[in-house]
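Chemist: Quick one: this structure, given as structure tokens, is what I'll be asking you about.
The values are calculated or read from the model by the stated rules, or taken from the named source; none is laboratory data. These numbers were taken from a predicted model, which means no experiment stands behind them. Cβ: placed from backbone, ideal geometry, glycine included. Neighbour counts: every protein chain shown. Just so you know, the surface numbers come from the protein's heavy atoms only, side chains and all, with ligands and any DNA or RNA stripped out. Shrake-Rupley method; radii C 1.70, N 1.55, O 1.52, S 1.80 Å.
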Amino acid sequence: MKFRGKIIDIACLNHFTRVVTTISKLTKMCVLRLTPDNLFFVLSGKVANGGVSMWCELSQANFFDEYQMEGVSSEDNEICLEVTPENLSRALKTVQNAKAVKVKLTKKHCPCLTIAAELPTLSSVSRVVTHDVPVDVIPRRLWHEFKEPSMPDFDVSIYLPPLKTMKNIVDRMKNLSNFLVIEANLNGEMNLKIETDLVSVTTHFRDLGNPPWGDDASQDGGPSQSRDPESMVEARVDIRRLQQFLVGQQVNPSKAMCNIVHQSVLHLILLHEDMSLQYFIPAVA
């Protein structure tokens with residue numbers, strides 16, 4: 001197993017750092033899956049993390065100037081590492097003005113992702129800063145847990161309002177309740193609601209638009225094909241999970257949308273030209 005990559009372009013370095021920092025706000029531990037063409041940050045929906053799962057996909061060619069890897073074998077040409085994204089984010093943040101950054105899988109006292117940065121200098125002597133981020137190598141028999149989650153057979157898909165606006169609303173609602181109901185329809189309307197014994201608050205959004213797959217994604221005449229466009233579909237979720245997603249977001253996506261499986265799952269998607277992030281929050285009764 002070998003992996004080494006090099007980032008020279010400072011914009012690519014900054015963007016990669018923002019992505020890793022976003023991941024670090026969503027989870028304390030995750031799996032970094034390396035393939036010849038892509039990097040994936042994966043969190044599988046176990047009860048230990050509240051059933052939340054995440055899938056972030058990056059095209060290596062859009063971030064790395066050099067990228068070489070050899071997987072476990074020629075048939076299974078992948079590497080899976082358990083990593084603490086906060087440690088990776090912290091290391092990357094300290095080398096933002098570097099001339100070049102190398103990332104390499106090394107064996108020190110334990111397996112590590114070693115980040116070596118060549119920093120600018122006024123003299124002819126080069127300055128290199130090195131960070132060792134400990135990782136655990138995940139054995140081949142467990143890889144099946146970290147495959148791309150299937151797209152849920154959703155009832156409604158809708159574009160999200162500006163994430164900053166949504167974050168400000170959720171921040172205020174969090175002071176009033178632990179749970180939030182998010183509901184939407186095929187007419188581009190979405191509501192955020194909280195209801196307690198003392199207070200009921202609803203924020204309405206209109207004209208958000210529905211992604212084109214909203215009409216036919218539920219295959220074979222599924223619920224979304226026959227659904228009344230005005231009919232609302234809802235999911236009641238832990239407001240902290242939604243806030244965590246909105247607070248951590250640093251990638252400024254070109255598109256942000258959510259799919260709702262009625263009273264089951266809230267599936268959030270951020271799309272950028274060179275990365276995608278999916279985040280699944282289970283509904284609560």
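Chemist: Candidates [x] 145; [y] 163; [z] 153; which is the computed volume of the Cα convex hull per residue in Å³?
Modeler: [z]
Chemist: Under a point-charge model restricted to the Cβ atoms of Lys and Arg (+1) and Asp and Glu (-1), what is the dipole moment magnitude of region 1-143 relative to its Cα centre, in debye to the nearest 20?
Modeler: Values: 18 positive and 14 negative charges, 98 e Å.
About 460 debye.
Chemist: Additional query: How big is the accessible area of Thr202 in square angstrom, nearest 10, if you roll a 1.4 angstrom probe over the protein chains?
Modeler: Looks like 50 Å² after rounding.
Chemist: Hey, another quick one. Ignoring trypsin sites (Lys or Arg not before Pro) that are buried or in helix or strand per DSSP, and keeping those with at most 13 other beta carbon atoms within 10 Å, what is the longest stretch of the chain between them? Could the numbers behind the result be given before it?
Modeler: Details: sites that count: Lys28, Lys46, Lys108, Lys147, Arg206.
Longest gap between qualifying sites, sites excluded: 207-285.
Chemist: Let me ask you something else. Could you pull out the pairs from Lys28/Lys174; Lys25/Lys99; Lys104/Lys167; Lys6/Lys167; Lys2/Lys99 whose alpha carbons sit more than 29 Å apart here?
Modeler: Flagged as over cut-off: Lys104/Lys167; Lys6/Lys167.
Chemist: Going by amide H atoms built from the backbone, whose H comes under 5 Å of the H on Phe179, apart from near neighbours?
Modeler: Sorted by chain and number, the residues that satisfy this are Ile239.
Chemist: Apply the membrane-span-like helix rule to the chain: whole DSSP H runs, Cα extent along the own long axis of at least 15 Å, mean Kyte-Doolittle hydropathy at least -1.0. List the helices found. Intermediate values should be presented prior to the final figure.
Modeler: Numbers: long enough: 10-26 (24 Å, 0.83); 163-174 (16 Å, -0.63).
Both cut-offs are met by 10-26, 163-174.
Chemist: Along the positive direction of the dipole of region 124-258 (beta-carbon charges: Lys, Arg +1; Asp, Glu -1; about the Cα centre), which of Thr202, Pro212, Val128 reaches farthest?
Modeler: The listed residue farthest towards the positive side: Val128.
Chemist: Once you sort the root eigenvalues of the Cα gyration tensor of region 70-169 as a ≥ b ≥ c, which label holds: rounded (a/c under 1.5), prolate (a/b larger than b/c) or oblate (the other case)?
Modeler: Oblate, because a/c is 1.5 or more while a/b does not exceed b/c.
Chemist: Please give the net charge around Leu119, taking every other residue with its beta carbon less than 13 angstrom from that of Leu119, where Lys and Arg add +1 and Asp and Glu add -1.
Modeler: +2
Chemist: Follow-up. Longest segment of the chain with no GluC sites (Glu not before Pro) in a DSSP loop having at most 12 other Cβ atoms within 10 Å? All intermediate terms of the calculation are to be shown ahead of the outcome.
Modeler: On the way: sites that count: Glu75, Glu230, Glu273.
Between exposed loop sites, the widest span is 76-229.
Chemist: Pulled fully out, how much extra length does the chain show between Leu198 and Val128, if you take 0.36 nm times their separation in residues and subtract their Cα-Cα distance?
Modeler: Roughly 19.3 nm would be gained on extension.
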